[in-house]
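Chemist: One structure is given below, represented as structure tokens, and several questions about it will come after.
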Amino acid sequence: MVAAERSLKISRQANKFIISLPEKQRKAVKESVSRLIAEGFADLDIRRLLPYPHEFRLRVGKVRILFRYADDEIFIFKAHYRGSVYKT
């Protein structure tokens, strides 16, 4: 069964960080996000951010992508390297 197509929204901060990545890392992030949109959570390194029921972390090497997941929309609200993505 194929998952329904979801829309993607990216915060300004997350987009700025992703664009600043070296080409190899940026390509890996874009590929992982595309798979998330098309296939859902299958075969991706995703964990729930507790205590928030609809917020998750996608790991792509040293990069962490924090996003909210709904039935028809994925909102990437933060992206950064492992050590600093969780700091406010």
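The values are calculated or read from the model by the stated rules, or taken from the named source; none is laboratory data. Just so we're clear, the structure is a prediction, and the values are computed from it rather than from any experiment. Counting neighbours? That spans all protein chains shown, and the Cβs are built from the backbone with ideal geometry, glycine included.
Chemist: One residue is enough: does the range 16-25 have a residue meeting the conditions outside any helix (DSSP H, G or I) and over 13 Å from the mean Cα position of the chain (by Cα)?
Modeler: So far as the range 16-25 goes, yes, one or more of its residues are outside any helix (DSSP H, G or I) and over 13 Å from the mean Cα position of the chain (by Cα).
Chemist: Test Ile76 against the stated conditions and say whether it is assigned to a helix (DSSP H, G or I), touching a helix residue (DSSP H, G or I) at 6+ places or on another chain (Cβ under 7 Å) and surrounded by 15 or more Cβ atoms within 10 Å (Cβ to Cβ).
Modeler: In short, no.
Chemist: Something else about it: Mind counting the residues in the range 16-53 that are in contact (Cβ under 8 Å) with a residue 24 or more places away in the chain and of a type outside the set (Gly, Ala, Ser)?
Modeler: The total comes to 9.
Chemist: Now, a different point. Considering the range 26-73 alone, what residues qualify as being farther than 25 Å from Lys87 by Cβ, small (Gly, Ala, Ser) and not in a helix (DSSP H, G or I)?
Modeler: Passing the criteria: Gly40, Ala42, Ala70.
Chemist: Could you please find all residues in the range 1-18 being closer than 17 Å to Leu66 by Cβ and out of contact with any strand residue (DSSP E or B) (no Cβ under 7 Å at 6 or more places or on another chain)?
Modeler: Arg12, Asn15, Lys16, listed by residue number.
Chemist: May I ask you to list the residues in the range 16-54 that are of a type in the set (Lys, Arg) and either at pLDDT below 90 or loosely packed, with under 10 Cβ neighbours inside 10 Å (or both)?
Modeler: Scanning the range 16-54 gives a single hit, Lys24.
Chemist: Further, regarding this structure: Consider only pairs whose beta carbons are under 6 Å apart and that are at least six residues apart or on different chains; among these, list those whose first residue lies in the range 66-88 and is under 14 Å from Ala14 (Cβ atoms) and whose second residue is among the hydroxyl-bearing types (Ser, Thr, Tyr).
Modeler: Correct list of pairs: Phe77/Ser11.
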